[in-house]
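Read the structure below first, then the notes.
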Amino acid sequence: MARGTQRLIFVALKVLAVALALVLMVVIIRTATFPSYQTSPPECKPTDPDFIPADQDRLARFTSAIRFRTVSYERGVGTPQELSRFIQFIRESFPTIHGSPLVRRQVVGNYSLLYRVAGSDASLQPYMLASHLDVVPATEEANWEAPPFSGQLKDGYIYGRGTIDIKHTLMGCLEAVEFLLSRGRQPKRTLYLAFGHDEETGGHFGAKVIADVLTQQGEKMAFILDEGTPVGDGLLPGVSKQVALISVAEKGGLQLRLEVDEEGGHASIPRSESAIGILSKAISKLEDSPHPNMFGTGPETRMLEYVATEMTLPYRMLTSNLWLFSPLVAWVYSRKPQTNALARTTTALTRFNAGVKDNVISPRATAVIDHRIHPTSSVEEVMEFDLKVVNDPRVKFSVINSRQPSPTSPYGKDSPTYMLLQETIQQIFPDALVAPTTMVGNTDTLYYWNLSSAIYRFNPCVMTSSDLPRFHGVNERISVKSYERAMNFYYHLIVNMDEPLILKRYRHEDDL
Ligand SMILES: CCCCCCCC/C=C\CCCCCCCC(=O)N[C@@H](Cc1c[nH]c2ccccc12)C(=O)O
Ligand SMILES: [Zn+2]
Ligand SMILES: [Zn+2]
């Protein structure tokens, strides 16, 4: 090898070594100095004078609420009589709320409830706590450890449909307001409670109408809190502490119907391709072609950064240095369904219909694809992507439903309401970290976008990965301790909202 070439290689190796050393240095420095986003407000204790205990009366009210079979089956098909009975039960169970001159109650869309609790300072912008009255049907009843509409107490858990989705927040909010008012206190800031009656089937007749009513009344909210992501225990790799996940954004959706119409006929004389075959190829192409991994562009990235300082060293190093390791973390995310759903637009094949008889070639095949759209993508992008992937004019696409991803609500120390939420969570869950994330399913907040730019989705309940299948699944349950935490969470949130010190600490130029 010529001497000149040798020297060149030597210099190149030297440059590479220096560059690597520099990169390593940056990685180490960032790992060691990465900021913490956590706070440590005073813990809420059972000995506090304003602690709400899960006493017999409150537990009895909650278990009774679970016994109402307020099931939503499909759009416009629910259980109206049961909803009416449940509304009556709520009215009788919370006499202070329903007798207070501070409270205005409206029944909206026949079965949804909208309460306004007047604050003493009308100059302050109101806020809204949302939940829903309905539940999904209970299947596989035989496999439940206690009947799904029994509200049975067993080994410290209350069993039943709605215990974590979402009658614990519905009753938790009401208990908190009842407790406040029964102590003769009036909040400074007006608050709304909004309880839709058909969230489980899209909120078209409940939350949508609530939003219309509030819009007509010209209301704007300082923030809105609805059902959402839980306090995860063991859900995030590399973090041993619990992580309370506040969803600051919600994925969009695109439900597509795919249809192929071809000549059918006698099964003994098939053509080379059938409607079923053509459609199968199309949907299998869609399943095999995932939408791009968007890790690094949405709240899912910040979620990791918010807990970085509490991670085990290898994870901490990766997360503190996403400028370098983002592609690697993106790949790790794509490996598990829960994290994959956070990182990209997902494609779920939910229906496939074709054929009427064993020996008849079906002239028609149809399928439904349910996409959930990443916050940094759009309905248009998803449609364009799919058409390109299928690339077959015989497959006709039609849109069943579409909605853009939600705007991302402000979070972090620049957002007083997010920080208020974070501090309240840490009062009730003192061992938990708090982090922003994206809601992968849809909620009633879809209709509330025009009411507030600060919309958060959170479920004040600790959940392990083995609890997740209880959502809409078998053996839905909540521990008595968790229900107690839910009541106290809402109570503290309401009290904190009137505590100028907390908001002021994070308030910038924007006045709430
Ligand atoms: C590593 C990170 C882990 C993250 C873990 C996240 C865990 C999530 C755990 C629980 C969340 C479940 C809560 C889901 C609630 C979603 C509500 C729902 O099921 N919605 C339906 C129906 C629906 C409601 N509103 C609309 C509007 C438009 C279409 C459908 C719906 C749904 O999303 O399909
Ligand atoms: Zn729900
Ligand atoms: Zn649900």
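The values are calculated or read from the model by the stated rules, or taken from the named source; none is laboratory data. From a predicted model like this one, the values you see are computed outputs, not experimental measurements. All Cβ positions, glycine included, derive from the backbone under ideal geometry; neighbour counts span all protein chains shown. Surface accessibility is based on the protein's heavy atoms, side chains included, excluding ligands, DNA and RNA. Shrake-Rupley method; radii C 1.70, N 1.55, O 1.52, S 1.80 Å.
Side notes on the structure shown:
- Dipole size of segment 1-105 about its Cα centre, with +1 on Lys/Arg Cβ and -1 on Asp/Glu Cβ: approximately 680 debye, rounded to the nearest 20.
- Farthest positive-ward along the chain dipole, Cα basis, beta-carbon charges - from TYR491, LEU254, LEU181: LEU254
- Computed magnitude of the charge dipole of the chain (debye, nearest 20; Cβ of K, R +1, Cβ of D, E -1): 960 debye
- Fraction of beta bridges assigned by DSSP in the chain that are antiparallel (%, nearest 5): 70 percent
- Spatial separation of Cα centroids for segment 185-227 and segment 296-313, in angstrom: 31 Å
- Of LYS45/LYS188; LYS208/LYS281; LYS251/LYS413, pairs whose Cα-Cα distance is over 28 Å: LYS208/LYS281
- Overall shape of segment 251-403 was characterised from the C-alpha gyration tensor. The equivalent ellipsoid obtained from it has semi-axes of 41, 14, 12 Å, in decreasing order.
- Site pair ARG364 and ASP55 shows an inter-label distance of 6.3 nm when each label is modelled 7 Å from Cα along Cα→Cβ.
- Residues GLU499 and SER36, FRET efficiency given R0 of 35 Å [Cβ-Cβ distance, rounded to 0.05]: 0.90
- Positive-end residue, the chain charge dipole about Cα centroid, Cβ charges, pick of VAL135, LEU193, TYR411: TYR411
- Each residue, THR96 and GLN338, gets one label point 7 Å from its Cα in the Cβ direction; the gap between the two is 3.7 nm.
- Computed extension length for SER398-VAL15: 132.3 nm, one decimal, from 0.36 nm per residue of separation with the Cα-Cα distance subtracted.
- In this rough spin-label picture, where each label sits 7 Å from Cα along the Cβ direction, the THR376-LYS188 distance is 3.9 nm.
- Electrostatic dipole magnitude of segment 3-63 [Cβ: Lys, Arg +1; Asp, Glu -1; Cα centre; debye, to 20]: 960 debye
- Among ILE269, PRO327, ASN359 - extreme Cα towards positive end, dipole of segment 251-403, charges at beta-carbon: PRO327
- Taking other residues whose beta carbon is less than 14 angstrom from the beta carbon of LEU451, and scoring Lys, Arg as +1 and Asp, Glu as -1, yields -1.
- Residue-level accessible surface for ILE28, protein heavy atoms, 1.4 Å, Å²: 100 Å²
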